[in-house]
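Every number here is computed from the coordinates shown, using simple stated rules; none is lab data. Note that this is a predicted model, so its numbers are computed, not measured. No Cβ is skipped: glycine too gets one built from the backbone with ideal geometry, and neighbour counts run over all protein chains shown.
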Amino acid sequence: MSVATKYELKPGVATREAFGRALAEVARENPNVVGCDADLSKSTMMTYFAKEFPTRFFECGIAEANMVAIGAGLAMAGKIPFVSSFSCFVMNKGFEQLRTDVAYPNVNLKVVGTHSGISIGEDGPSQMSIEDLALAGALPGFTVISPADEVATRAAVRWATDHFGGVFIRTGRAKVPVIYAADAKIEIGKANLLLPGTDVTLVAHGMMVAECIRAAEALDGEGISARVLDFHTIKPLDEAALAQAARETGALVVAEEHLVDCGLGVRVAQAVARHAPAPIEFIGVETYAESGTPEGVPIKYGLTSAHIVAAAKKAIARKSK
Amino acid sequence: MQKTSNPQELAEISKLVRRHIIEMIGEAKSGHPGGSLSAVEILVTLYWDVMRHDPANPKWPARDRFILSKGHAAPVLYAVMAECGYCPVDELKTLRKMGSIYQGHPDVRFLPVLEASTGSLGQGLSLALGMGSALKLDGLDSRVYAVFGDGEIQEGQIWEAAMYGSYHKLDNVCAIVDYNKIQLDGFVKDILDVAPLADKWRSFGWHTLEIDGHDLLQVKAAFVEAAATNGKPTCIVANTIKGKGVSFMENNPKWHGVAPSPAEVELALKELV
């Protein structure tokens, strides 16, 4: 029996859709939740919130730097702002404001990037965010979350609402498979063990979690036992889970829809080097991608279960005898 | 603190604040005297006469807010807040020293009675408008004041925020441009001129006033008019003199970001008695 049969990977909604639903939900419970948008609410799905709570919705127009600082001002006066745009716009154009007006004074603002990674497809590289985790990770005190499906996104939004401080939630445009049951326990800051394994550990976030499950299934067919960890929280990093994985499986693969130079992979390498050195292979984006279908672009740029399988074998081969 | 509307008392307080500024920056051996001195009457009028605030209750939800967007003028804000009773006067001379509550630029981590950490130019208007939005949402009639440098408003974010403020009718927000005509590298007109300044703000939908920013009566009258203006935010273009009050610093770009020597401190203080 295949190890991965417990995951049917049924078609699910996009994590941006999950964000929109979850934001409206938390807003019903907490009157301090407000939203800031830069003319993309119909794409970020903040539109659900905006329609239900028009007086708590602040349309900032196409001016992301101002939007982030408007959100900071709202937070300074006691609100819980969710500030959202395409990840590439809000993180690149709003970064300085996230640094000076949110992270540095520890202001209670939540930034939600949608359309992250290269799986947005047709719109191409100017709209693709492949550096947002590096930017968010460079904000001291921030919690950085990249959920894999609807349930994980909802958990992230709910946690962010209750947590005082800066939070970045990374979501995607494309529909992603269902990983978690509706009642699954997702603890921000703790990696989720999705599949046990002894030969190699596959570490991923966002849409690459499903690819790792598929890779584990393929590896199982070849007699290789792969552990799969969902690292939905990039920061703070669950170093204990990594140390344990490195010790118990002796090799790791990190797979992410992000620049390979500056995403989860480098953080994993730092933690593994510190606690239990082991060979690690890295799957990620090397440079700016191109237009194509949401399914086709990740294939061309190396983000598939087949790439993970090959990397896992390479990592295992590098284990010291 | 004892609030006052008496111009003579406010003039005396302004002089005291200028003395603090000179002494603090002299002691620190670095800092920005010119743009601190040019904003004195604006801050003194706000804190002693115009704003609803209580130093004994600094987080009072219904308070008016003040943001020094031109954060490099921190000495004027520290001196004013200290004299109001928010923070110790006797520590003013620790300005810019390690561990001081009086950091080089306003820093809420060290001085929590501040409304915002500033220093990276161009951001305070957005913060003020965000606060103004939240206050309206809460049904509070509090006002938000923010002071900008004229060089600072070269930043594009200011104009993003200016559009936002008028579009959202944030009449509880008042921007004050400390129009002292000088920035770090020289005269504003020689760097990237912001004139015609009042026309710019008017065209962005702001109720706009032009005043002499050192004339206490004009400063007060402008804040009264701003508070009485409905449906739009107000921008006060305050024509000021960089280095105001110290003859050798006045209107001289050199004094943007240079500290006076001990001898210059003494000379300056003689003019501020």
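Between the Cα long axis of helix B:124-137 and the first principal axis of chain B there is an angle of about 50°, rounded to the nearest 10. Considering amide H positions built from the backbone, and no H for Pro or chain starts, which residues 5 or more places from B:Val177, or on another chain, come under 5 Å of its amide H? Amide H neighbours of B:Val177: B:Phe148, B:Ile236, B:Val237, B:Ala238. Each 5 Å bin, from zero up to the one with the longest distance, holds this percent of the alpha carbon pairs of the range A:189-317: 2, 12, 24, 26, 20, 10, 5, 1, 0. Distance from the Cα centroid of the range A:230-252 to that of the range A:266-321 is 15 Å (rounded to whole angstrom). Among the GluC sites (Glu not before Pro) in the range A:7-47, those located in a DSSP loop and surrounded by at most 13 other Cβ atoms within 10 Å of their own Cβ are A:Glu8. Computed from the C-alpha gyration tensor, the three semi-axes of the ellipsoid equivalent to chain A are 33, 19, 18 Å, from longest to shortest. In terms of surrounding Cβ atoms within a 10 Å radius of their Cβ, B:Ile25, A:Ile80 rank from fewest to most as A:Ile80, B:Ile25.
Within the range A:208-256, which GluC sites (Glu not before Pro) sit in a loop by DSSP and count at most 13 neighbouring Cβ atoms inside 10 Å? Taking the range A:208-256 and a limit of 13 other Cβ atoms within 10 Å, the loop GluC sites (Glu not before Pro) found are A:Glu222.
May I ask you to work out the translational diffusion coefficient for the range A:11-177 at 20 °C, viscosity 1.002 mPa s, via Stokes-Einstein with Rh from the Kirkwood sum over Cα pairs, reported in whole µm²/s? Translational diffusion coefficient: 142 µm²/s. Taking the Cα centre of the range B:7-271 as origin and assigning +1 to Lys and Arg Cβ atoms and -1 to Asp and Glu Cβ atoms, the resulting dipole is close to 360 debye. What the Cβ-Cβ distance of A:Ala273 and A:Ile62 gives, at R0 = 51 Å and to the nearest 0.05, is a FRET efficiency of 0.75.
With θ taken as phi - 60° and the Karplus curve 6.51 cos²θ - 1.76 cosθ + 1.60 applied, the whole-hertz 3J(HN,Hα) list for the range A:215-229 is 5, 4, 5, 5, 5, 4, x, 9, x, 10, 9, 10, 7, 10, 10 Hz, x standing for glycine and proline. Averaging Cα coordinates gives a centre for the range A:51-121 and one for the range B:225-259; these two points are 31 Å apart. Computed from the Cα positions only, the extents of the range A:33-119 along the three principal axes stand at 32, 31, 17 Å, in decreasing order.
Ordering B:Cys84, B:Leu140, B:Gly99 by Cα displacement along the dipole of the range B:75-187 toward the positive end leaves B:Gly99 in first place; charges were set at the Cβ atoms of Lys, Arg (+1) and Asp, Glu (-1). For the range A:11-177, the relative contact order comes to 30 percent (Cα pairs under 8 Å, sequence separation of at least 6). A simple rule links phi to the HN-Hα coupling: the Karplus curve 6.51 cos²θ - 1.76 cosθ + 1.60 with θ = phi - 60°, which for the range A:149-155 gives 8, 5, 5, 5, 5, 4, 4 Hz, with x for Gly and Pro.
Mean residue ellipticity at 222 nm, helices only, the protein assembly as shown: -11000 deg cm²/dmol; runs of at least 4 DSSP H residues each add -39,500 (n - 2.57), and the sum is divided by the number of residues. Across chain B, Cα pairs under 8 Å and at least six residues apart give a relative contact order of 24 percent. In this simple spin-label model, placing a label point 7 Å from the Cα along the Cα-to-Cβ direction at both A:Arg318 and A:Glu122 gives a separation of 3.9 nm.
Which FRET efficiency value, to the nearest 0.05, do you get for A:Ala243 and B:Asp215 by plugging their Cβ-Cβ distance into 1/(1 + (r/R0)^6) with R0 = 60 Å? Efficiency, from the Cβ-Cβ distance: 0.35. Against chain A, whose longest principal axis comes from its Cα atoms, helix A:305-317 is set at around 50 degrees.
Stretching the chain fully between B:Asn252 and B:Ile191 yields a gain of 20.5 nm (0.36 nm per residue, less the alpha carbon separation).
For the protein assembly as shown, the normalised intensity computed at q = 0.05, 0.06, 0.08, 0.09 Å⁻¹ comes to -0.26, -0.37, -0.61, -0.73 (log10 of I(q)/I(0), Debye sum over alpha carbons, equal scatterers, no solvent). Rounded to the nearest 5, the antiparallel percentage of DSSP beta bridges internal to chain B is 10%.
Amide H to amide H, with H built 1.01 Å from N, A:Arg227 comes under 5 Å of A:Gly197, A:Thr198, A:Asp199, A:Val200, A:Thr201, A:Leu202, counting only residues 5 or more places away or on other chains.
Over chain A, calculate the relative contact order: mean separation of alpha carbon pairs under 8 Å at least 6 apart, over the residue count, as a percent.
The normalised contact order for chain A reaches 18 percent.
Whole-percent P(r), the range A:149-234, all Cα pairs, 5 Å bins from 0: 3, 14, 24, 23, 17, 11, 6, 2, 1, 0.
Restricting to bridges with both residues inside the protein assembly as shown, how much of the DSSP beta-bridge set is antiparallel, in percent to the nearest 5?
Expressed as a percentage, antiparallel bridges in the protein assembly as shown total about 15.
Amide hydrogen proximity for A:Val34: with H placed 1.01 Å from N in the peptide plane, the residues at 5 or more positions away or on another chain lying under 5 Å are A:Ile80, A:Phe82. Would you mind pulling out the separation of the Cα centroids of the range B:139-178 and the range B:1-41, in Å? Using only Cα atoms to place each centre, the spacing works out to 24 Å. With both residues required to sit in chain A, DSSP beta bridges show an antiparallel share near 20%. Among the GluC sites (Glu not before Pro) in the range A:59-125, those located in a DSSP loop and surrounded by at most 14 other Cβ atoms within 10 Å of their own Cβ are A:Glu122. The angle between the Cα long axis of helix B:216-227 and the longest principal axis of the Cα atoms of chain B comes to about 30 degrees, rounded to the nearest 10. Computed over the alpha-carbon atoms, the range B:7-271 gives an Rg to Rh ratio of 0.94, Rh here being the Kirkwood radius from the mean inverse distance. Couplings 3J(HN,Hα) of the range B:244-255, computed from phi: 3, x, 10, 3, 7, 9, 5, 6, 10, x, 4, 8 Hz, in residue order, whole Hz [Karplus 6.51 cos²θ - 1.76 cosθ + 1.60, θ = phi - 60°; x for Gly and Pro].
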